[in-house]
Amino acid sequence: MGERTADAVWSRTPTLTGRHVSLVPLAPAHADALATVSRDSAMHTVWYTSVPAPDDVPRYIDKALDAQAAGDALVFAVLDAGGSVVGSTRFYDLDPTVPKLKIGYTWYAPRVQRTGLNTEAKRTMLAHAFDVLGCVSVSFETSWFNHASRAAIARLGAKQDGVLRHHARHADGSLRDTVVFSVIDAEWPAVRRHLGFKLDTFKLDSHP
């Protein structure tokens, strides 16, 4: 991959599509739908999350797009199979010199949580990170207190690297112990197979 091509794929947010989900570049036009997702999920009221309150969604999008413009993130709106906006996620802490990145800032409408949609979203993101961007490592971080997120990351097949004590602050200002997981390039074929198996299981069980 030439240097100019490499720069382009690290700076342009792709559209990633599967059977259950599409990830499209986040835009201000998604604000109203994401405000509804925030309101319905009530996750913005949970102290250890970073989900914006409904009224804060436009500012959240502006900050996300600023991070993207600075080369620090590639940000997505998440759409279900019918084209409705059901959440947001992103690649962040991009480091093409290694190359590596993180996946996070993920939040969904209640009706699609723990369904095939999230599994497929993560598989398409990991595939882009490893197969297109050539990453050697993809990391996930979450609060020690976010047990649901920790379990969901582990179910993907990521391994826990450790806990960074007093690593950051929660949205309410309290200190956060950050649990770090990762998938490395040598593990990606097995993780891809595992996620494909999970998606087939969702299909057999008639989950969305």
Quick one: count up the residues across region 112-145 that are in a strand (DSSP E or B) and of a type in the set (A, V, I, L, M, F, W, C).
2
In the set Ala148, Ala171, the lone residue that is closer than 23 Å to Ala53 by Cβ and in a helix (DSSP H, G or I) is Ala148
Are there any pairs, at least 6 apart or on different chains, whose C-beta atoms fall under 8 Å, with the first in region 29-50 and in contact (Cβ under 8 Å) with a residue 12 or more places away in the chain and the second among the hydroxyl-bearing types (Ser, Thr, Tyr) and assigned to a loop (DSSP other than H, G, I, E, B), and if so, which?
Ala33/Ser84; Met43/Thr49; Trp47/Ser174
Positions within region 45-67 being in contact with a Pro (Cβ under 9 Å, 6 or more places away or on another chain) and over 19 Å from Glu141 (Cβ atoms), in sequence order
Pro58, Arg59, Ile61, Asp62, Leu65
Just checking, does region 153-172 include any residue being surrounded by 15 or more Cβ atoms within 10 Å (Cβ to Cβ), of a type in the set (A, V, I, L, M, F, W, C) and closer than 23 Å to Trp10 by Cα?
yes
Is there a residue in region 69-90 that is more than 16 Å from the chain's Cα centre (by Cα), farther than 21 Å from Ala127 by Cα and buried (at least 16 other Cβ atoms within 10 Å of the Cβ)?
no
Odd one out for Ser84 among (1) out of contact with any strand residue (DSSP E or B) (no Cβ under 6 Å at 6 or more places or on another chain); (2) touching a residue at least 60 places away in the same chain (Cβ under 8 Å)
(2)
Here the residues within region 93-133 that are surrounded by fewer than 21 Cβ atoms within 10 Å (Cβ to Cβ), in contact with a Lys or Arg (Cβ under 8 Å, 6 or more places away or on another chain) and aliphatic (A, V, I, L, M) are Ala127
Failed item in (1) within 16 Å of the chain's Cα centre (by Cα); (2) modelled with pLDDT under 95, with Ala8 passing the rest
(1)
Determine if region 8-19 includes at least one residue that is within 18 Å of Ala152 (Cβ to Cβ) and surrounded by 13 or more Cβ atoms within 10 Å (Cβ to Cβ).
yes
Residue in region 183-199 that is within 20 Å of Val78 (Cα to Cα), modelled with pLDDT of 95 or more and either hydrophobic (A, V, I, L, M, F, W, C) or in contact with a Ser or Thr (Cβ under 8 Å, 6 or more places away or on another chain) (or both) present:
yes
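The values are calculated or read from the model by the stated rules, or taken from the named source; none is laboratory data. Every value quoted in this text rests on a predicted model; they were computed, and no experiment measured them. When we count neighbours, we look across all protein chains shown, and the Cβ atoms used for this are built from the backbone with ideal geometry, even at glycine.
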